[in-house]
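No value in this document is a laboratory result; all are computed from the given coordinates. Just so you know, these numbers come straight off a predicted model, no measurement behind them. Cβ coordinates were reconstructed from backbone atoms using ideal geometry, including for glycine residues, and neighbour counts include every protein chain displayed.
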Amino acid sequence: MAPRKLAAGNWKMNGDLAALAEIDILCDAHGAPSCDVLICPPATLIHAMKARIGENRIAVGGQDCHARPSGAHTGDISAAQLKDAGATYVILGHSERRADHGESDSDVAQKVSAAIAAGLIAVVCVGETEAERDSGQTLDVIGRQLAGSLPEGANASNCVIAYEPVWAIGTGRTPTTDQIAEVHAFMREKLAASVSDASGMSLLYGGSVKPSNAAEMFAIANVDGALVGGASLKAADFGAIIAAL
Ligand code: PEP
């Protein structure tokens, strides 16, 4: 099975009900896209966004979930609750969660297990810091994060991997195409050791993807799509990225 192409948007802590007007514009232009399209808004908007999308082929996802199915975890959301609200995906292990909330690989793996158990597809993020790249540790870091963040049972149907260099997120800086190709080839090879259908797992690149560089990113071997932050907030920009895939 060839990996599915996926354009995924991460709205982070941005957006309100009024911002759903962007979804109407996106649906008008890209409601029946030739690749998979996903938007992960703040949890407060999942239900309303899903309703707004209606029959259009755009998926909605969460940006995090708790590892437990329910219980005394004030402020948290379970994978089943995301699903109940209309989500079919959830981003897990984003570098902002790892940095702001001290999430370890093992924390991420438990959340991925919970997401899979609830029937969600997990978008599992990995990526090196600038210091790690400068000291030649990139592949070690990616290998360690992949091994630690994917639980048993992870496969091409229930997980997508997003390679997001921390230093490229929201900075306007991107790795060279050779650097992205190196990491993606490494991930494909590394996953083959632990995932039976690794050749079919979608591998996204994330970090300052925008309309002007999307086609270049999507031409890189083993890049099956993108996880997009800032440029997913405006339908015109995200639509241009979808069109490039
Ligand atoms: C992200 O938040 O996952 C991301 C890639 O952000 P940006 O596209 O803004 O760099």
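Values computed for the structure shown
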| item | result |
| --- | --- |
| Selected residue (only one of E216, E164, E182 is touching a residue at least 24 places away in the same chain (Cβ under 8 Å), surrounded by 14 or more Cβ atoms within 10 Å (Cβ to Cβ) and under 28 Å from L82 (Cα atoms)) | E164 |
| Single unsatisfied condition, A114 versus (1) farther than 27 Å from P175 by Cα; (2) among the hydrophobic types (A, V, I, L, M, F, W, C); (3) surrounded by fewer than 17 Cβ atoms within 10 Å (Cβ to Cβ); (4) in contact with a Ser or Thr (Cβ under 9 Å, 6 or more places away or on another chain) | (3) |
| Of residues in the range 223-245 being surrounded by fewer than 20 Cβ atoms within 10 Å (Cβ to Cβ) and assigned to a loop (DSSP other than H, G, I, E, B), the one nearest to the ligand (Cβ to nearest atom) | L233 |
| The range 205-222 - residue that is more than 13 Å from the chain's Cα centre (by Cα) and small (G, A, S) and, of those, nearest to the ligand (Cβ to nearest atom) | S208 |
| Complete set of residues in the range 144-184 that are in a loop (DSSP other than H, G, I, E, B) and away from the ligand (no atom under 15 Å from the Cβ) | L150, P151, E152, G153, A154, N155, A156, S157, N158, T176 |
| Residues of the range 185-213 satisfying the condition of being hydroxyl-bearing (S, T, Y) and in contact (Cβ under 8 Å) with a residue 12 or more places away in the chain | S194, S196, S199, S202, Y205, S208 |
| Close pairs (6 angstrom Cβ cut-off, 6 or more residues apart or separate chains): surrounded by fewer than 17 Cβ atoms within 10 Å (Cβ to Cβ) in the range 90-109, in a loop (DSSP other than H, G, I, E, B) anywhere | none |
| Given (1) within 24 Å of P41 (Cβ to Cβ); (2) more than 17 Å from the chain's Cα centre (by Cα); (3) among the charged types (D, E, K, R), index of the condition K190 fails | (1) |
| Residue match in the range 113-129 (condition: assigned to a helix (DSSP H, G or I) and closer than 22 Å to F186 by Cβ) | no |
| Filter pass, V160 being under 21 Å from R4 (Cβ atoms) and either out of contact with any Cys (no Cβ under 8 Å at 6 or more places or on another chain) or aromatic (F, W, Y) (or both) | yes |
